[in-house]
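Each value in this text was obtained by applying a stated rule to the coordinates, not by laboratory testing. All values reported here derive from a predicted model rather than from experimental measurement. Positions of Cβ are backbone-derived with ideal geometry, glycine not excepted, and every protein chain shown enters the neighbour counts.
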Amino acid sequence: MSHLQPLVDEYVDRRVALGEFTGRSPVVITSVLMSFAHVADVAVDELCVDHVESWLSSPRLGPSSRKTHASKLRPFARWLVHRRHIVHDFTAGLPRRRLPTALPRCLSAEQISQLIEAIPYRRDRLIVLTMAHLGLRCIEVARMDLEDVDVNEKLIYVRGKNGLGQRTRALPIVDELWDALTTHLSESGIEHGPVFRSRERPDRGITETWISELVVAWLWRCGVKKSTGDGISAHSLRHSCAQSSSIETYRYALCRPCSVTRASRLPSCTYGRSRRACERHSKVATSTASTDHHAARGMRSLIAKPRAH
């Protein structure tokens with residue numbers, strides 16, 4: 001057993017008891033700290049910044065993962081000092097590196113079509129279609145509930161990541177996505193609760209982490225994702241949707257300014273952007289009108305028809 005393992009367990013248990021770690025945070029943070037414990041297998045009072053740098057220099061970690069891992073280790077080191085397990089914070093000398101701002105990685109229409117064609121399962125294909133058509137995050141897909149689907153207006157009320165589980169915006173559903181959604185619901189026998197559910201536990205919805213891993217697995221299998229750290233992930237579908245619909249979305253938003261009613265807190269603008277943000281992005285969209293217009297038409301035609309199950 002590693003010298004740090006009992007301390008990691010105690011640290012996570014105390015933070016959970018205080019309500020500071022919720023959801024999957026205890027599992028994720030324990031995994032990160034235990035990976036450090038396996039690399040720095042020395043007495044606790046012998047830990048130093050060299051052990052941290054050796055741990056972060058693993059070729060399996062990209063720049064973003066290194067920053068995330070370090071951000072999870074620093075509070076643990078300060079806790080060890082506070083609990084008097086060590087005298088000095090061994091992460092104090094670790095430099096804080098800022099990541100360069102990277103352009104979002106988008107998938108082409110051909111890549112999205114290739115991804116959809118590789119998925120034989122109705123539920124998984126609908127997840128990809130929903131993210132590609134509506135630009136949803138994994139957590140927003142995981143939160144999709146049958147009560148959030150407006151049958152009369154063909155709308156989906158999205159529970160955004162910063163909305164604390166509340167509805168943050170409403171998005172229209174195109175006919176092709178609507179057909180795939182209603183087919184999934186009827187064949188699955190879902191009458192209430194989560195739209196996307198676990199196959200092993202049909203009474204439970206699937207988590208955003210599982211959705212991300214699921215989409216990445218299909219990206220690997222269909223050949224769209226070719227290497228670790230290439231920036232291709234489930235979130236790429238969100239960027240692809242934003243790129244393909246930039247002209248229509250921003251022009252629609254300029255004609256119909258965003259306003260949120262106090263009762264429903266749902267923006268009247270499709271994507272809930274402020275007028276200033278819409279004006280700023282519309283300049284970029286206008287400068288690339290012809291390119292984005294053809295990209296939007298191409299992607300809609302390719303991802304519109306889900307395969308028959």
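Okay, here's what the table says:
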| item | result |
| --- | --- |
| Burial ordering of SER113, SER31, SER65, fewest other beta-carbon atoms within 10 Å first | SER31, SER65, SER113 |
| Relative compactness, the stretch 64-215, computed as alpha-carbon Rg over 2.2 N^0.38 Å | 1.38 |
| Interchain or long-range residues, amide H under 5 Å from ILE119's placed H | none |
| ³J(HN,Hα), Karplus 6.51/-1.76/1.60, whole Hz, each residue of the stretch 24-36, x for Gly, Pro | 8, 4, x, 5, 5, 5, 4, 4, 5, 5, 6, 5, 5 |
| Amide H contacts under 5 Å for VAL158, placed H, 5+ residues apart | THR168, ARG169, ALA170, LEU171 |
| Alpha carbon convex hull of the stretch 1-51, volume per residue in cubic angstrom | 78 |
